[in-house]
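Trainee: The structure follows.
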Amino acid sequence: NFGNKLHFYLNGSSVEIDNPDPDITLLNYVQSIGLTGTKLGCAEGACGACTIMISSYDKKSDKISHISTNACLTPLCSIDGKHVVTIEGIGNVKNPHPIQERLALLHGSQCGFCTPGVVMSLYSLLRNNPNPSEEEAEGCFDGNLCRCTGYRPILDAAKTFANNTCVENNRPYEPQENVGCGKADCCKLNNVDTTFNHNFSQINFKKYDPTQELIFPPSLMKY
Ligand code: FES
Ligand code: FES
């Protein structure tokens, strides 16, 4: 922070604001500059429609952390020196992020109001851990409410990113490959959680490549 100047990054671009209003929330701010993908639902931290990701660098541990956050409760002035990523920063209709694509293909979005928040919760998890367990993939939605889908298709989409290891071949299962090891008695078909349908091999999902994500701005690593 330089005097009364707020400095942060938003979707990969540097932003400086002179004399920022301490009453403004991060949600107010992003919507005021036209980033309306982040939604206002409850305005009190209960619905997750306003979820964005805040990345920060910890000098002591020399580590970057990514946290999904309710923008409706986050003061704009609290993001000095951080990198804010909103839904607009990760994909769009022409070039959706794999999370957006899989949610759409697996019917995890109906009215769509909760969808940006759902996407950002999963996105934040994957930024910290590109190979989450199924439990972690499910748990990242603890703060997201959806009134349309009943959650099942959202979880189906999220679990396509989970680290499902084929017991027989001891290798990660990729949803765009043939199911598991390809054998009729494959563990993917028979031994694992049958609550969810993992057999989406007929869908040609865009591959998820964590190396293609927005980097943490090096200039913020001096904070
Ligand atoms: Fe509901 Fe922010 S608008 S948690
Ligand atoms: Fe309508 Fe989730 S798709 S609230």
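Trainee: When the residues of the stretch 104-124 are filtered to those that are part of a loop (DSSP other than H, G, I, E, B) and within 11 Å of ligand 1 (Cβ to nearest atom), which remaining residue is most open to solvent (accessible area, probe 1.4 Å)?
Mentor: Checked the stretch 104-124; the qualifying residue most open to solvent (accessible area, probe 1.4 Å) is F113.
Trainee: Do we find a residue being within 21 Å of P210 (Cβ to Cβ) and within 16 Å of ligand 2 (Cβ to nearest atom) anywhere in the stretch 81-88? Even if it seems obvious, please write down each step before you answer.
Mentor: From the stretch 81-88, those within 21 Å of P210 (Cβ to Cβ) are 82-88; that's our starting set.
Subset that is within 16 Å of ligand 2 (Cβ to nearest atom): 87.
Yes; the residues of the stretch 81-88 include at least one that is within 21 Å of P210 (Cβ to Cβ) and within 16 Å of ligand 2 (Cβ to nearest atom).
Trainee: May I pose another question? Criterion first (of a type in the set (V, I, T) and more than 16 Å from ligand 2 (Cβ to nearest atom)) does T36 satisfy it?
Mentor: Numbers: of a type in the set (V, I, T): yes; more than 16 Å from ligand 2 (Cβ to nearest atom): yes.
When the stated conditions are applied, T36 passes them.
Trainee: Quick check on C140: is it within 15 Å of G41 (Cβ to Cβ), in contact (Cβ under 8 Å) with a residue 40 or more places away in the chain, surrounded by 16 or more Cβ atoms within 10 Å (Cβ to Cβ) and within 13 Å of the chain's Cα centre (by Cα)?
Mentor: Details: within 15 Å of G41 (Cβ to Cβ): no; in contact (Cβ under 8 Å) with a residue 40 or more places away in the chain: yes; surrounded by 16 or more Cβ atoms within 10 Å (Cβ to Cβ): yes; within 13 Å of the chain's Cα centre (by Cα): yes.
The answer is no for C140.
Trainee: Output the strands (runs of 3 or more DSSP E) that fall wholly within the stretch 1-80 and possess 1 or more residues being open to solvent by 60 Å² or more (accessible area, probe 1.4 Å) and in contact with a Lys or Arg (Cβ under 8 Å, 6 or more places away or on another chain), or say none.
Mentor: Passing ranges, in order: 13-18.
The values are calculated or read from the model by the stated rules, or taken from the named source; none is laboratory data. Nothing here was measured: the structure is a model prediction, and the numbers come from that model. As a convention, Cβ positions derive from the backbone with ideal geometry for all residues, glycine included, and neighbour counts pool all protein chains shown. Please note that ligands, DNA and RNA were not included when accessible areas were found on the heavy atoms of the full protein model with its side chains. Shrake-Rupley method; radii C 1.70, N 1.55, O 1.52, S 1.80 Å.
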